[in-house]
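The values are calculated or read from the model by the stated rules, or taken from the named source; none is laboratory data. Here the structure is a predicted model, which means the values were calculated and not measured. Here the Cβ positions follow ideal geometry from the backbone for every residue, glycine too, while neighbour counts run over all protein chains shown.
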Amino acid sequence: MNGQIVDEPAQAAARGASPDVLDWQRPIVAELAARRERWPHALLITGPRGIGKRVLADALARARLCEAPAGDGSSCGRCASCRYVDAGQHPDLRIVEPVDMTDDVAKPVEWIVVDRIRALTRWAQLTSHRGGAKVAIIDPAERMNAAAANALLKTLEEPPPATYLLLVSHQPGRLPATIRSRCQVVAAPLPTTAQGAQWLAAQGVRDATALLAQANAAPLAALALADPAYQAERALWLKALAAPATLSVAALGLRIDAGPREGRKERLAAVIEWLIGWCADLARVRAGGTPVRNPDHGTELSALATSVAGLPLFRYHRRLLDQRALLAHPLQPRLVAEALLIDYRALFG
Ligand SMILES: [Zn+2]
């Protein structure tokens, strides 16, 4: 961890401009904006990955900071504050993410370290630049390491006036209970399939339904999966999984090591996701249902489902979930993938 972390105001560089509020979030944004004067000091925005929790946090921050809000509390989009927020330059808005800003280039890192939270605490004690509220977004909050979480707890225990913390988390269970108990939980709304498909179509995605299935109905996650290189890699792995008798563990393992070294963990994470979705679908098909995550591989799944026993499949699926939870820890991605593949092959005797 580098000690020289520059805490820029509202670093939006890593994310680009924030998109407008998503259709399925309009009711909750309206509800929270309407009572923006009575917000608790900390909101914990939870929900599955890829449904737009961060977009929601950005919209709420904008609504809270707006200097000419509409009667219902919603942001005007035209005042100086709204313009600063949109430009990623509002002095009273802080974004804390697991990135290292040394050399002025946002480099993703594993953890939000204590220095970042100490800087946030100092900022929280200062008077507001524009005389209004101050808002900080911590995203994802569960990536604070233990020392960082501890430092944040002090701020939550004695919150400075008119300062609001928006914690974003898809794994709130990984946050210390002491932090969770001091936040008001806001469950980010889930889109309907129609809303998700409509949003994807507006982003220029053609095969919205298939991508939504792969992404567990999370539209922003589905958009990330639209990358042709990702889809080609998925097709290759699923083809191998569909034929366990001829599956080459070594050849697939090498694919984890192919490409940039720092991408190995992400490639393993993708493989674990494919295995989880694939095995869950196998279980569904075994039980007479239809595949949810891989509807484009129904024939292959039906053929395989007759040659796998229920209990070992269940145990293997649980092991995949455990392995996914361990991804943040140091590990050797290729070896993990190979071990999972060996056990996968063994499921089919
Ligand atoms: Zn405004």
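Condition check: in contact with a Ser or Thr (Cβ under 9 Å, 6 or more places away or on another chain), among the charged types (D, E, K, R) and either surrounded by 14 or more Cβ atoms within 10 Å (Cβ to Cβ) or not in a helix (DSSP H, G or I) (or both). Does ARG284 satisfy that? Yes: the conditions hold for ARG284. Filter region 57-79 down to the residues that are more than 8 Å from the ligand (Cβ to nearest atom) and assigned to a loop (DSSP other than H, G, I, E, B), then identify the one that is farthest from LYS107 (Cα to Cα). So, considering only residues that are more than 8 Å from the ligand (Cβ to nearest atom) and assigned to a loop (DSSP other than H, G, I, E, B), the one farthest from LYS107 (Cα to Cα) is GLY71. The set of residues in region 184-218 that are among the polar types (S, T, N, Q) and assigned to a helix (DSSP H, G or I) comprises THR193, GLN195, GLN198, THR209, GLN214.
Checking region 97-106 against the condition returns a match, with at least one residue being hydrophobic (A, V, I, L, M, F, W, C), away from the ligand (no atom under 16 Å from the Cβ) and either free of Cβ contacts under 8 Å to residues at least 24 places away in the same chain or surrounded by fewer than 16 Cβ atoms within 10 Å (Cβ to Cβ) (or both). Within region 90-105, the only residue that satisfies the criterion of being among the hydrophobic types (A, V, I, L, M, F, W, C), in a loop (DSSP other than H, G, I, E, B) and under 17 Å from ALA119 (Cα atoms) is MET101. Here's a check for you: in region 161-180, which residue that is part of a loop (DSSP other than H, G, I, E, B) and under 23 Å from ARG36 (Cβ atoms) is nearest to the chain's Cα centre (by Cα)? Residue satisfying both the conditions and the ranking: ALA162. Only one of the listed residues (ALA250, ALA224) is small (Gly, Ala, Ser), part of a helix (DSSP H, G or I), modelled with pLDDT under 95 and surrounded by fewer than 18 Cβ atoms within 10 Å (Cβ to Cβ). That residue is ALA224. For region 324-342, state whether one or more residues are touching a residue at least 60 places away in the same chain (Cβ under 8 Å), farther than 29 Å from PRO219 by Cβ and of a type in the set (Asp, Glu). For region 324-342, residues touching a residue at least 60 places away in the same chain (Cβ under 8 Å), farther than 29 Å from PRO219 by Cβ and of a type in the set (Asp, Glu): present.
If you check VAL113 against the conditions, is it of a type outside the set (D, E, K, R), without any contact (Cβ under 8 Å) to a residue 12 or more places away in the chain, more than 16 Å from the ligand (Cβ to nearest atom) and more than 22 Å from TRP24 (Cβ to Cβ)?
Against the criterion (of a type outside the set (D, E, K, R), without any contact (Cβ under 8 Å) to a residue 12 or more places away in the chain, more than 16 Å from the ligand (Cβ to nearest atom) and more than 22 Å from TRP24 (Cβ to Cβ)), VAL113 does not qualify.
Residue pairs whose Cβ atoms lie under 9 Å apart, sitting 6 or more positions apart in sequence or on different chains, and linking a residue in region 233-255 that is touching a residue at least 24 places away in the same chain (Cβ under 8 Å) to a partner that is outside any helix (DSSP H, G or I) and among the aromatic types (Phe, Trp, Tyr), are PRO244/PHE348; ALA245/PHE348. Exactly one condition in (1) within 13 Å of the ligand (Cβ to nearest atom); (2) in contact (Cβ under 8 Å) with a residue 24 or more places away in the chain is not met by CYS82; state its number. Status for CYS82: all satisfied but (2). Within this structure, LEU32 passes the test of being within 16 Å of the ligand (Cβ to nearest atom) and buried (at least 18 other Cβ atoms within 10 Å of the Cβ). When PRO69 is tested against (1) at pLDDT below 95; (2) within 22 Å of VAL168 (Cα to Cα); (3) touching a Ser or Thr at 6+ places or on another chain (Cβ under 8 Å), only condition (2) is not met.
Would you confirm whether any residue within region 200-213 is free of Cβ contacts under 8 Å to residues at least 60 places away in the same chain, surrounded by 21 or more Cβ atoms within 10 Å (Cβ to Cβ) and under 16 Å from the mean Cα position of the chain (by Cα)?
Scanning region 200-213, I find at least one residue that is free of Cβ contacts under 8 Å to residues at least 60 places away in the same chain, surrounded by 21 or more Cβ atoms within 10 Å (Cβ to Cβ) and under 16 Å from the mean Cα position of the chain (by Cα), so the answer is yes.
For region 58-89, filtering for residues that are under 21 Å from ALA119 (Cβ atoms) and over 24 Å from the mean Cα position of the chain (by Cα) leaves 2.
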